Amino acid sequence: MAAATTDGEEPGAGPTGRVGGAGSFASSRRVILAGALALAALTGAALWSTFATRPEPSIPTHGRVVRLLTMERPFPDGGRYPGDPFIGPEACRDCHPAETALHWRSGHARTLSSAAWRKLARQVDHTTVADPERPEVSWEYRFADDRLYVGRRTPSKLEELVAEYAFGSGQHAVTFVNVENAETPRILEHRMTYYARTRSFGLSPGHDAVPRPPGLTPLGGYPPPSDAWSCFACHSTQVSTGPGLRIDEDRLIPNVSCERCHGPARAHVEAAARNAPTDALKLPFGPGRGYTAEQVIGQCGMCHRHPGKPGVGPLDPENPHLARFQPVGVLQSRCYRESGGGFSCVTCHDPHDRTSRDRPAYNATCVSCHEAGSPQAGSASASTSTSAPAHDRPRSAHGLPCPVEPTGDCVACHMPPVDAGQGVLFADHWIRVRRRPDASARQAPGRQ
Ligand code: HEC
Ligand code: HEC
Ligand code: HEC
Ligand code: HEC
Ligand code: HEC
Ligand code: HEC
Ligand code: HEC
């Protein structure tokens, strides 16, 4: 196979756990979709009919019929259907160039697409890999007719299917998914996942689990319907507008776009275009609304997991799986618990950007609270709003300086990368004095 690079820029850790139930999503979904639901009734002379009526070339794939995916189509000016409250991420560029530029280079903007759209689809053309568990089986990838074919060859036969969706930006990993029934929904999560770190295919996370979870087949796994739906919900802005767990290609807005976090923004853009007063520009989620740190963490935790999510496991600092669920760790950290509401994801991350690798900047954030001579926890003015940009925020309770290295590489000792399974490293967000300071932290790949 050609030295394939991924769509993402940086090789790094690997795939995520695939847990999550529909229950917690249902509530977040209701908020975001309330407007959409009210207006969905108007759907009649549909503008998106140009797409809906496009002939769908069907190709036989051993009994399965695959249609060309349409979710990447641009948003028409008037919306994809009458009353569409979404306007699409392209609409923000002119007025918010800074956030837009950062967003488009982040994994949020490229975490779900048609498989054939990926550079990866061409890069893996003519790749053959042995099945990691069954040497008599090989996996063959070929790119033809603008489609990525995935073949499973045994000594007696070749089963081939067309990969439909690609999950993951490619920064860490890409997993292909086929939707076999969009209504129930029934999806096939391919058995093999492409890992950036090894630049090759390996088993998808959990597919080597013992005992075998139900739904695993030689081609891949069939998660229960609510998990299948959540899979799309965490990787997109909208999955569908009706009730139920339908995966609706006509309404699906792939990727974690601006409107996933800020809410549908068509009215905002129209108001801004006619110079309406600032009050008319309010979005469902925006800075300066008095969101607490807990609420911001909760918003990120809808997808990055929070302690209430199924599959998170025991809240034990020695549970390595927690490392991939950053909000869980943050909520356990004394930095969060004892800083009077001044500590959330946006204290260290720009939510628009890809993960910064600027270690000195992270350490400077630590020291801003843990500097020598700073007042002790609880004595500074407590902030209730973390939604203001970090520099505008009132200073919250400070911590003590480090007795070991008061100006050292804080992250290396207190947030080291942890193997969260399958050799995948995640910065441990449960900030604490560790029982065994992890020496390997200093040499973790790709981190300075
Ligand atoms: C509860 C929300 C949630 C669900 C459900 C979910 N994901 Fe993800 N997924 C994430 C988040 C958050 C990340 C990025 C951080 C990480 O890696 O944990 C991610 C990352 C990924 C990646 C990239 C690898 C990586 O670690 O960055 C792939 C591939 C992926 N998910 C596939 C899937 C598939 C396939 C399903 C369904 C079977 C699924 N995910 C279900 C939230 C979710
Ligand atoms: C025609 C120009 C224009 C376009 C297009 C536009 N915005 Fe805005 N946006 C504004 C203005 C003006 C403000 C108010 C700025 C201020 O209050 O300082 C604003 C404020 C915001 C805010 C903060 C407001 C709040 O609710 O707290 C967010 C978030 C935002 N825009 C997101 C978006 C997103 C997402 C898009 C694309 C879907 C978008 N904007 C498109 C002009 C625009
Ligand atoms: C709708 C689900 C969802 C929400 C909400 C969400 N994320 Fe993510 N996030 C993801 C997924 C999926 C990925 C994996 C992207 C990829 O495939 O590389 C991700 C990746 C990331 C990354 C790594 C991006 C990169 O390119 O290096 C950071 C950092 C991040 N999220 C922070 C946040 C923060 C902070 C919030 C809250 C303000 C948040 N996320 C809210 C789903 C979500
Ligand atoms: C105190 C600072 C700090 C806070 C607060 C923080 N992070 Fe991080 N985060 C980091 C550091 C440091 C890294 C590792 C960066 C690197 O790899 O160089 C990181 C990495 C990440 C990654 C990338 C995972 C990977 O290894 O690719 C995601 C996703 C992420 N954080 C999400 C979150 C979310 C969601 C929150 C809020 C619950 C949060 N972070 C809060 C410091 C922080
Ligand atoms: C993962 C969630 C997420 C996504 C995706 C996202 N934002 Fe934001 N955005 C936030 C959060 C959280 C804040 C508040 C940041 C803070 O308090 O420091 C914010 C703040 C803003 C602001 C106000 C900035 C300021 O300094 O007042 C604007 C404007 C904005 N976002 C526009 C956008 C646009 C445009 C996009 C898409 C290109 C986008 N956002 C995508 C979470 C997100
Ligand atoms: C918003 C302020 C704030 C920021 C930013 C912050 N902390 Fe803290 N941190 C605190 C407070 C308050 C405490 C509790 C008092 C104390 O022990 O100092 C604390 C506690 C700690 C502890 C002791 C935990 C324990 O289990 O006893 C460590 C270690 C720590 N922080 C490291 C860090 C590191 C490393 C960073 C940067 C990655 C960081 N902090 C960023 C406020 C903060
Ligand atoms: C070489 C590893 C290392 C580095 C680098 C390091 N620490 Fe520590 N830190 C420790 C250890 C070990 C302890 C526990 C010391 C003890 O209990 O005697 C500790 C304790 C702490 C505490 C608890 C203080 C208390 O008295 O409760 C805080 C807060 C802290 N560190 C913050 C930081 C910050 C901020 C940085 C970066 C400027 C940093 N550390 C850099 C290893 C380190």
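The values are calculated or read from the model by the stated rules, or taken from the named source; none is laboratory data. Quick caveat: nothing in here was measured; it's all calculated off a predicted structure. Cβ sites come from the backbone with ideal geometry, for glycine too, and all protein chains shown count toward neighbours.
Annotations for the structure displayed:
- Any hit, the stretch 121-129, residues being of a type in the set (D, E, K, R), under 24 Å from Glu249 (Cβ atoms), modelled with pLDDT of 95 or more and within 16 Å of ligand 3 (Cβ to nearest atom): no
- Candidate set: the stretch 412-446, residues that are at pLDDT 85 or above and among the charged types (D, E, K, R); chosen: the one surrounded by the most Cβ atoms within 10 Å (Cβ to Cβ): Asp428
- Those helices (runs of 4 or more DSSP H) of the stretch 201-288 in which 2 or more residues are within 16 Å of ligand 3 (Cβ to nearest atom) and either among the acidic types (Asp, Glu) or in the same structural domain as Phe167 (by TED's automatic domain parsing) (or both) occupy 225-234, 258-262.
- Of the residues making up the stretch 264-286, those that are surrounded by fewer than 14 Cβ atoms within 10 Å (Cβ to Cβ) and within 7 Å of ligand 2 (Cβ to nearest atom) are Ala273, Thr278.
- Restricting Asp84, Asp94, Asp77 to residues that are modelled with pLDDT under 90, more than 30 Å from Val150 (Cβ to Cβ) and among the charged types (D, E, K, R) narrows the list to Asp77.
- Positions within the stretch 106-145 being part of a loop (DSSP other than H, G, I, E, B) and surrounded by 14 or more Cβ atoms within 10 Å (Cβ to Cβ), in sequence order: Ser106, Thr111, Arg118, Val124, Asp125, Asp131, Pro132, Val137
- Residue list for the stretch 243-293, restricted to those being away from ligand 4 (no atom under 16 Å from the Cβ), in contact with a strand residue (DSSP E or B) (Cβ under 8 Å, 6 or more places away or on another chain) and β-branched (Val, Ile, Thr): Ile247, Ile253
- Residues in the stretch 92-115 that are in contact (Cβ under 8 Å) with a residue 60 or more places away in the chain and within 16 Å of ligand 1 (Cβ to nearest atom): His103, Arg105, Ser106, Gly107, His108, Ala109, Arg110, Thr111, Leu112, Ser113, Ala115.
- The combined condition, being assigned by TED's automatic domain parsing to the domain that holds Asp409, more than 9 Å from ligand 3 (Cβ to nearest atom) and within 21 Å of the chain's Cα centre (by Cα), is fulfilled by Pro307.
- Arg118 meets each of the listed conditions (1) modelled with pLDDT under 95; (2) over 23 Å from Phe176 (Cβ atoms) apart from (2).
- In the stretch 302-345, the residue that is nearest to ligand 1 (Cβ to nearest atom) out of those that are surrounded by fewer than 21 Cβ atoms within 10 Å (Cβ to Cβ) and under 16 Å from Arg260 (Cβ atoms) is His304.
- Top-ranked residue of the stretch 287-301 - restricted to ones that are of a type outside the set (D, E, K, R), closer than 18 Å to Glu99 by Cβ and more than 20 Å from the chain's Cα centre (by Cα), ranked as surrounded by the most Cβ atoms within 10 Å (Cβ to Cβ): Tyr291
- Selected residue (only one of Val210, Val179, Val174, Val162 is modelled with pLDDT under 90, among the aliphatic types (A, V, I, L, M) and farther than 16 Å from Asp131 by Cβ): Val210
- The strands (runs of 3 or more DSSP E) located wholly in the stretch 155-199 include none with 2 or more residues which are within 16 Å of ligand 5 (Cβ to nearest atom).
- Residue in the stretch 256-273 that is farthest from Ala109 (Cα to Cα), counting only those that are within 25 Å of the chain's Cα centre (by Cα) and of a type in the set (D, E, K, R): Arg266
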